[in-house]
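The values are calculated or read from the model by the stated rules, or taken from the named source; none is laboratory data. Just so you know, these numbers come straight off a predicted model, no measurement behind them. Here Cβ is always computed from backbone atoms with ideal geometry, including for glycine, and neighbour counts include all displayed protein chains.
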Amino acid sequence: MRIRDRIIISQRNLLRSKLRTFLTISAVLIGTFTISLTNGVGNGIKSYVDRELGNVGAENTLIIQPRNDSDNPVSSDVQEYDPDRQLGMFNQTLLGPDDIREVQQIRGVDKVIPELNVQVEYLGVGEKKFQATVGQYIENFNIQLQSGSYLDLNRKDMIMIPMRYVDPLGLGSAEEAIGKNITLGYKDVNGRIVEKELIIAAVTAQSLLGSATSYISNGLLMDINNDQTRGVAGLSERYPALVVSHDPAYSDEEVESLKQIFSANGYNAQTIQDAIGTINTVINGILIVLNVFGIIALLAATFGIVNTLLMAVTERTSEIGLMKALGANRTTIFSIFAMEAASIGFWGALLGIGISMILAPIVNNIATNNFLQDFVGFKLLAFPFLPSLGIFLGIILLAFLAGTLPSIKASKQDPISALRYE
Amino acid sequence: MTVFCYHTVTYMQPIIETREITRVYEGAGENTQAIKSVNFSVMKGESLAIIGKSGSGKSTLMHMLATLDRPTSGEMLIDGQPTSKLSDKDLDIIRNRKFGFIFQQFFLNSRNTCLENVTMPLMITGTPSDERKKRGLEMLDAVGLLDKAKQPAGQLSGGQKQRLCIARALITQPEVIFADEPTGNLDTENGRIITDLLFQMHKEKNITLVIVTHDPDLAALCDRTITIKDGEIV
């Protein structure tokens, strides 16, 4: 029998009991919809994270941290005291000037910038003052800007502030804020407030990462840090991490061997890509859990397909008998029923993915106008072609597999007993 | 002259032969022997009636002749070829190309149109749909149902249904037609129409006819009659 005729017969058979077919397809649809939506959210977040972090520190940045030798204060054993080891809060090992020197001497290392954490009190314009956090702006750090341009790394009087400060501080619009003066207040080591007059170089766009942080240059940060730690043992000139840049022309293998060298010297070196990988692992974990729900729904739908086809085989016993008597072979009978099962998968998957794709722009629209308002360029749902196609084909395959048992049953029917069956 | 000789020769040739065939149904505890060692031949071009009471084994015999069932023991030959050497697929092809079937219960797909029902064997063969339609309409015309081509088969009367079945059986231009109680579900008038149609095709196209019936009048129209009683030819 021709493939076309088999398809026509199987489609017709599906239309024979419309309600039953509709319900079975609906079950597949619900499962597909769940999986499609889950992956849509996953892809949306991932593409955003990739874009946010993708160019951070370009290709030539490594973050160096002390190797953590099981310093978990809850679960690890009591550690013997080591006078040479510098510890911060929660007994976290910190890096100092010795480390900077050591790292600087490693072959391939270009620049070493210590990562600094300083506590500031407020950002203010005139009488208006708001709580703030600051971080250091590192060259090539890809922060999305709402307006302005990246600050000059050599100047200690510039700042990039987040979009959310513009309105409360009465700076007008993002564009109008550029070039205006702003006061950064922090406490020095004696608890006295010190104020720095800074110029706004840029307004950063709201993002998932560091959306509340204002950025200043390393030089300014060093000054603040010195003011805050001068003379305090264990805090002055202690850093949780170092940001190291290497030759941008390095290949992946060379970066890998550089990481090995750091590792051999007792440091833990991470590229930005490693950091993205870590974030992606977390996102993937969440997505897998969500996908499980979709898979459970699909599994239930699979039993629905088996049941529907078993009923169809019983209903059409004499028809199968006639076809076999008239010379239809087993393969023909099998394929007609298997196609019927695959079609249920086809329509369920098509509708499930279709509906989720139709809903996506609406959901994205609502999201970006509400809780994602300040996240520039963040689409909650994204549907890359290949994963969607993968889901589509996977579900058709699943439906086909569900149909094999009833299809084999149909193909094995004895024409005589099938014809006697009325 | 040659034509006549050819006809004579083909008439004498067996198309189906049975050699000591038996058919045993395995039941719970005891086995039923439906057919006990039957030996006979169906000749090319003849019309053969198999008669017997219900339960005599005549339907079982016909099913084996038509390769719908395999004998428990013994050998069957189609065109001199032992069926035991043929695969299920070979038998499927033989049934599709060589044989035509007419059943007492019609076995039509009542939702499908008459044309679709008639062309079903051609669809199984894999004939392109244009040719199927052409030949289907020819066959419907031959049995006087051309005007019903687009109607669902379920709307036909009993006699029309059986005419449709005859058209379906003939569409592949088979060598043998197996008819299982073809008039069993019909009144006298319609029974006569079907009988006339069957024998007309038999004579015009030289088709071998194997009719299973318990109607002596129908059997009397055939060239030859074999009677089955308790699974044996008497």
What is the residue count in segment A:305-330 for residues that are surrounded by fewer than 24 Cβ atoms within 10 Å (Cβ to Cβ), farther than 23 Å from B:N117 by Cβ and either within 14 Å of another protein chain (Cβ to nearest Cβ) or aliphatic (A, V, I, L, M) (or both)? 3
How many residues are more than 18 Å from B:I102 (Cβ to Cβ) and under 23 Å from the mean Cα position of the chain (by Cα) when one looks only at segment B:150-160? 1
If you check B:R168 against the conditions, is it away from chain A (no Cβ under 14 Å), in a helix (DSSP H, G or I) and surrounded by 16 or more Cβ atoms within 10 Å (Cβ to Cβ)? no
Name the residue, out of B:F107, B:F99, that is within 10 Å of chain A (Cβ to nearest Cβ) and either of a type in the set (D, E) or touching a helix residue (DSSP H, G or I) at 6+ places or on another chain (Cβ under 7 Å) (or both). B:F107
I'd like to check something: does segment B:12-32 contain any residue that is among the aliphatic types (A, V, I, L, M), within 14 Å of chain A (Cβ to nearest Cβ) and under 19 Å from the mean Cα position of the chain (by Cα)? no
Among (1) away from every other protein chain (no Cβ under 14 Å); (2) assigned to a helix (DSSP H, G or I); (3) surrounded by fewer than 17 Cβ atoms within 10 Å (Cβ to Cβ), there is one condition B:L197 misses while meeting the rest; what is its number? (3)
With the condition kept exactly as written, say whether any residue in segment A:328-351 is on the phi > 0 side of the Ramachandran plot and free of Cβ contacts under 8 Å to residues at least 40 places away in the same chain. no
For segment B:77-96, give me each residue that is more than 8 Å from every other protein chain (Cβ to nearest Cβ) and farther than 28 Å from B:G184 by Cβ. B:L77, B:D79, B:G80, B:Q81, B:P82, B:S84, B:K85, B:L86, B:S87, B:D90
Condition broken by A:L309, with the remaining ones in (1) farther than 18 Å from A:I395 by Cα; (2) modelled with pLDDT of 90 or more satisfied: (1)
Going by the conditions given, is B:L65 more than 12 Å from chain A (Cβ to nearest Cβ), buried (at least 23 other Cβ atoms within 10 Å of the Cβ) and either of a type in the set (A, V, I, L, M) or under 17 Å from the mean Cα position of the chain (by Cα) (or both)? yes
Could you please find all residues in segment A:1-44 being away from chain B (no Cβ under 14 Å) and aliphatic (A, V, I, L, M)? A:L19, A:L23, A:I25, A:A27, A:V28, A:L29, A:I30, A:I35, A:L37, A:V41
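Matching residues to (1) more than 22 Å from A:V112 (Cα to Cα); (2) of a type outside the set (S, T, Y):
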site: A:F130; (1), (2): yes, yes
site: A:G135; (1), (2): no, yes
site: A:Y150; (1), (2): no, no
site: A:R155; (1), (2): no, yes
site: A:P162; (1), (2): yes, yes
As an exercise: evaluate B:L146 against (1) over 30 Å from B:I21 (Cα atoms); (2) of a type in the set (A, V, I, L, M); (3) touching a residue at least 24 places away in the same chain (Cβ under 8 Å) and give the number of the one condition it does not meet. (3)
Regarding segment B:123-146, can at least one residue be identified that is of a type in the set (A, V, I, L, M) and within 14 Å of chain A (Cβ to nearest Cβ)? yes
